[in-house]
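Read-outs: derived from the displayed coordinates by stated rules, not from any lab. Owing to the predicted nature of the structure, the values given are computational and were not obtained by experimental measurement. We place every Cβ from the backbone using ideal geometry, glycine too, and count neighbours over all the protein chains shown.
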Amino acid sequence: MSLPRAGVRSDFRRFEELEHYFNEAKDELIELTAALQTQIDELIELTAALQTQINERSQYGVVTGLATTAQAVPGMSVNVSEGIIYMQDGERFEVEAGTIAVEEADAEKPRKDIIYINGTGEVSCMPGVAEEEPAAPETPLGSQLLAEIAVAANATAIETANITDKRKLIVS
């Protein structure tokens, strides 16, 4: 008994058919790979966002902004940039940018003032005591320190060099 012989033409058609299926499968695999990469990228972004939320909710301090800087034309006030802060009790505040007045300098002795955020989310300035070797006042309970300002005797303006950043930053 002899088996029927396949013709060259039918083998070629079968090869074309298999090649067509292979190309379809390859195209589907490329699409699936692209979709998977998109999902992986989204997962990485979600993981980073989740880590940021964990840091924000498990720590306290400045998340963004709240830098204290001198005025463009120096005077007896400072700028505080907008920002977000978590207080020790977990309260979160979104603080708008603002200008904070600094009390007039003592005529004879320097002092150190502090810029801080109080428990209601307001930025405030607390003047220190004018002394030969001044110390900054204690940050009020439930508040967070943003900056220390060295106010020289008889000063008429606060310059960048007079401001020391004291923010506790939450590192993401």
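Values as computed for the structure displayed
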{"quantity": "Residue-count net charge about T120 - beta-carbon cut-off 15 Å; Lys, Arg +1, Asp, Glu -1", "calculated": "-4"}
{"quantity": "Separation of the E17 and T64 label points, Cα + 7 Å toward Cβ, nm", "calculated": "6.1 nm"}
{"quantity": "Reachable lysines from K168, criterion Cα separation under 27 angstrom, eight or more residues apart if same chain", "calculated": "K112"}
{"quantity": "In Å, descending, principal axis extents of the Cα set of the chain", "calculated": "122, 35, 25"}
{"quantity": "Unit charges on C-beta of K, R, D, E only; dipole of the chain, Debye", "calculated": "700 debye"}
{"quantity": "On Cα atoms only, tilt of 8-58 relative to the major axis of the chain in degrees", "calculated": "20 degrees"}
{"quantity": "Inter-probe distance in nm under a simple model that places probes 7 Å from Cα toward Cβ, at T139 and Q88", "calculated": "0.9 nm"}
{"quantity": "Lysines with Cα under 23 Å of K26, excluding same-chain neighbours fewer than 8 positions away", "calculated": "none"}
{"quantity": "Relative contact order (%) - the range 61-165, alpha-carbon pairs under 8 angstrom, separation at least six", "calculated": "28 percent"}
{"quantity": "Packing rank of 65-74, 115-124, where each peptide gets the mean count of other beta carbons within 10 Å, highest leading", "calculated": "115-124, 65-74"}
{"quantity": "The chain, helix-only ellipticity at 222 nm - DSSP H runs n ≥ 4, -39,500 (n - 2.57), divided by all residues, nearest 500", "calculated": "-11000 deg cm²/dmol"}
{"quantity": "The range 97-139 - charge dipole about Cα centre, Lys and Arg +1 at Cβ, Asp and Glu -1, debye rounded to 20", "calculated": "200 debye"}
{"quantity": "Spacing of the two label points (7 Å from each Cα toward its C-beta) at V171 and V73, in nm", "calculated": "4.1 nm"}
